[in-house]
Structures are given as structure tokens and as C-alpha cells.
Amino acid sequence: MRWALLDGLPEEEVQRVLSMARRRRFGRQEVVFHRGDPADTLHLIAKGRFAVRVVTPLGDTAVFAVLGPGEIFGELALLSDDAQRTTTVAALEPGETLSIHRVDFDGLRSRHPESARVVVSILAGQVRRLSEQLVEALYVPADRRVLRRLLELAALYGSDHEVVVPLTQEDIAGMAGTSRATTNKVLREAEERSEVRLGRGRTVVVDAAALRRRAGLR
């Protein structure tokens with residue numbers, strides 16, 4: 001398993017960082033940290049998938065993103081000594097992370113200043129993703145946003161002809177920035193076209209190519 005944060009570092013340094021990391025295991029729906037908690041550790045995902053949840057202006061909780069093996073979360077912990085968590089992260093299934101304390105990463109940065117550029121690159125990617133989602137929210141119809149988020153989740157959960165996405169329609173609606181009613185309508189129409197199959201707390205993607213065309217993707 002490789003993570004972008006460690007790309008470009010000598011192999012011995014990678015092993016040193018991983019040896020300092022604390023292996024943590026989480027059960028299904030177990031919270032890694034809550035919004036407002038002190039941010040002092042970065043998490044490298046080794047196994048499982050994790051939901052990043054945010055509080056909406058109306059006070060509801062919505063899934064902002066789903067992350068899987070090879071990705072990271074909690075990167076704001078590397079920027080400030082008094083940073084606080086801005087989201088709540090929970091395991092969607094049994095999962096495992098390697099957590100690196102800010103103090104240990106500071107030591108890595110002092111030995112390899114180039115690692116700071118990797119952090120900047122990761123944060124720039126986050127900003128780019130947020131900007132793209134903002135543009136989508138303003139200019140892309142809700143039905144296309146629902147299908148795009150579903151396709152992203154399908155890519156995260158597998159590459160088979162049929163991929164099971166074990167998230168609720170409410171979760172998909174939160175990621176698409178729309179209502180559950182709209183999401184249900186879009187998915188029901190896709191089911192009528194035999195592009196998906198709907199089940200309790202899950203959506204099976206049957207025809208990803210057709211969904212991509214309807215989502216306005218190449």
C-alpha cells in the first residue's frame with residue numbers, strides 16, 4: 001500500500017514513518033473523530049472505507065466524501081498546533097488506518113523538506129475538488145450530480161460489471177447536494193432503464209456506461 005503523502009521519499013524513510021505510525025482498527029460505523037476535536041494526527045487508510053460527514057447550514061449531517069485505501073484524512077493536523085477537526089469521520093465498514101502524530105511528521109519535514117511540498121499538493125487537490133463541486137452545485141442539474149456521485153462511489157467500491165454501493169440514498173443525496181426525494185426519483189428512473197438495481201441501503205450499478213452518458217461524462 002502506498003500513499004501520496006509518502007511519494008518521493010526514500011524507501012528507508014517511508015519505513016521509518018510507517019514504523020512510527022500507530023495502527024488503529026475501527027468497527028462498522030465507529031467514529032474516528034468528531035468535528036471540533038483537537039486535530040493532532042493524520043490518518044493513512046490501509047483498509048476499509050470511511051465517510052467524511054459535515055453539518056449543513058440547516059443543522060443536518062450529510063456525507064461530504066467517502067475515502068478508501070491509499071487515501072488520507074485529517075491533513076489539517078499538519079498545519080497548525082491548535083487546529084480543530086472540521087468534519088466528523090466514521091468507518092462505513094471494518095477498517096484500519098495508520099495514524100501519524102503531528103510531532104512525528106514535523107520530524108520528517110525537518111529531515112526531508114520536500115515532504116512539505118507533498119502536503120501543499122494534497123491540500124491544493126482538496127481545494128480543487130471543492131471548487132469543482134461548487135461549480136457543479138451552481139451549474140449542473142441535480143439529476144446529473146446524483147449520477148456522478150454514484151459513479152464515483154462505484155469506482156471506489158469495485159471494478160466488476162456490477163458494483164454494489166452500500167450507501168443509503170440519503171448519503172448519496174448529501175454528497176450530491178440535493179434532497180433524498182430527488183435522489184430517489186433519479187435512481188428509480190435509472191432502475192426503470194435497467195441501469196441500476198435498488199435495495200435496502202444499497203444501490204447496484206448495472207450499466208455504468210449508460211449512467212456516464214446521462215451524467216454528461218465522457
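The values are calculated or read from the model by the stated rules, or taken from the named source; none is laboratory data. Everything numeric here is computed off the predicted structure, so don't read it as measured data. No Cβ is skipped: glycine too gets one built from the backbone with ideal geometry, and neighbour counts run over all protein chains shown.
Could you pull out the residue among Thr182, Thr178 that is out of contact with any strand residue (DSSP E or B) (no Cβ under 7 Å at 6 or more places or on another chain) and in a helix (DSSP H, G or I)? Quick ask: steps written out before the conclusion?
Working: Thr178 fails: in a helix (DSSP H, G or I).
Every option except Thr182 fails the conditions.
Kindly list the number of the only condition in (1) touching a residue at least 60 places away in the same chain (Cβ under 8 Å); (2) surrounded by fewer than 16 Cβ atoms within 10 Å (Cβ to Cβ) that fails for Asp81.
Asp81 satisfies all of (1) touching a residue at least 60 places away in the same chain (Cβ under 8 Å); (2) surrounded by fewer than 16 Cβ atoms within 10 Å (Cβ to Cβ) except (1).
Does at least one position in the stretch 41-58 carry a residue that is touching a helix residue (DSSP H, G or I) at 6+ places or on another chain (Cβ under 6 Å) and farther than 27 Å from Val146 by Cβ? Lay out the reasoning, then the answer.
To start, the set of residues in the stretch 41-58 that are touching a helix residue (DSSP H, G or I) at 6+ places or on another chain (Cβ under 6 Å) comprises 41-42.
From what is left, the residues that are farther than 27 Å from Val146 by Cβ are 41-42.
Yes.
Run Ser159 past the list (1) loosely packed, with under 12 Cβ neighbours inside 10 Å; (2) modelled with pLDDT under 85; (3) assigned to a helix (DSSP H, G or I) and report the number of the one that doesn't hold.
It fails just one condition, (3).
For the list (1) closer than 22 Å to Arg53 by Cα; (2) in contact with a Lys or Arg (Cβ under 9 Å, 6 or more places away or on another chain), I need the number of the one condition that Thr182 fails.
Just one mismatch for Thr182, condition (2).
Checking the structure you have, find out if any residue of the stretch 133-154 is over 19 Å from Arg49 (Cβ atoms), touching a residue at least 60 places away in the same chain (Cβ under 8 Å) and either exposed (fewer than 14 other Cβ atoms within 10 Å of the Cβ) or touching a His at 6+ places or on another chain (Cβ under 9 Å) (or both).
no
I need a count of the residues in the stretch 8-39 that are buried (at least 18 other Cβ atoms within 10 Å of the Cβ) and either modelled with pLDDT under 90 or farther than 24 Å from Pro94 by Cβ (or both).
4
Determine whether Leu150 is part of a helix (DSSP H, G or I), under 25 Å from Thr56 (Cα atoms) and touching a Gly at 6+ places or on another chain (Cβ under 6 Å).
Numbers: part of a helix (DSSP H, G or I): yes; under 25 Å from Thr56 (Cα atoms): yes; touching a Gly at 6+ places or on another chain (Cβ under 6 Å): no.
No, not satisfied.
List the number of the failed condition for Gln126; all other conditions in (1) buried (at least 20 other Cβ atoms within 10 Å of the Cβ); (2) of a type outside the set (D, E, K, R); (3) assigned by TED's automatic domain parsing to the domain that holds Leu78 hold.
Every condition holds for Gln126 apart from (1).
Among the listed residues Arg193, Arg213, identify the single one that is over 13 Å from Arg145 (Cα atoms) and basic (Lys, Arg). I'd like the intermediate steps shown before the answer.
Working: Arg213 fails: over 13 Å from Arg145 (Cα atoms).
Only one candidate passes the filter, namely Arg193.
State whether one or more residues within the stretch 202-211 are buried (at least 21 other Cβ atoms within 10 Å of the Cβ), at pLDDT 95 or above and in contact with a Lys or Arg (Cβ under 8 Å, 6 or more places away or on another chain).
Among the residues of the stretch 202-211, at least one is buried (at least 21 other Cβ atoms within 10 Å of the Cβ), at pLDDT 95 or above and in contact with a Lys or Arg (Cβ under 8 Å, 6 or more places away or on another chain), which makes the answer yes.
A quick yes/no check of all residues on (1) outside any loop (DSSP other than H, G, I, E, B); (2) closer than 20 Å to Met20 by Cβ; (3) in contact with a Lys or Arg (Cβ under 7 Å, 6 or more places away or on another chain); (4) modelled with pLDDT of 90 or more:
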residue	(1), (2), (3), (4)
Ala62	yes, no, yes, no
Leu76	yes, yes, no, no
Ser99	yes, yes, yes, yes
Asp106	yes, yes, no, no
Ser110	yes, yes, no, no
Val118	yes, yes, no, no
Gly125	yes, no, no, no
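How many residues are crowded, with 18+ Cβ neighbours inside 10 Å and assigned to a loop (DSSP other than H, G, I, E, B) if we restrict to the stretch 88-97?
Number of matching residues: 1.
Just a yes or no: is a residue in the stretch 175-190 buried (at least 17 other Cβ atoms within 10 Å of the Cβ), touching a residue at least 60 places away in the same chain (Cβ under 8 Å) and not small (Gly, Ala, Ser)?
yes
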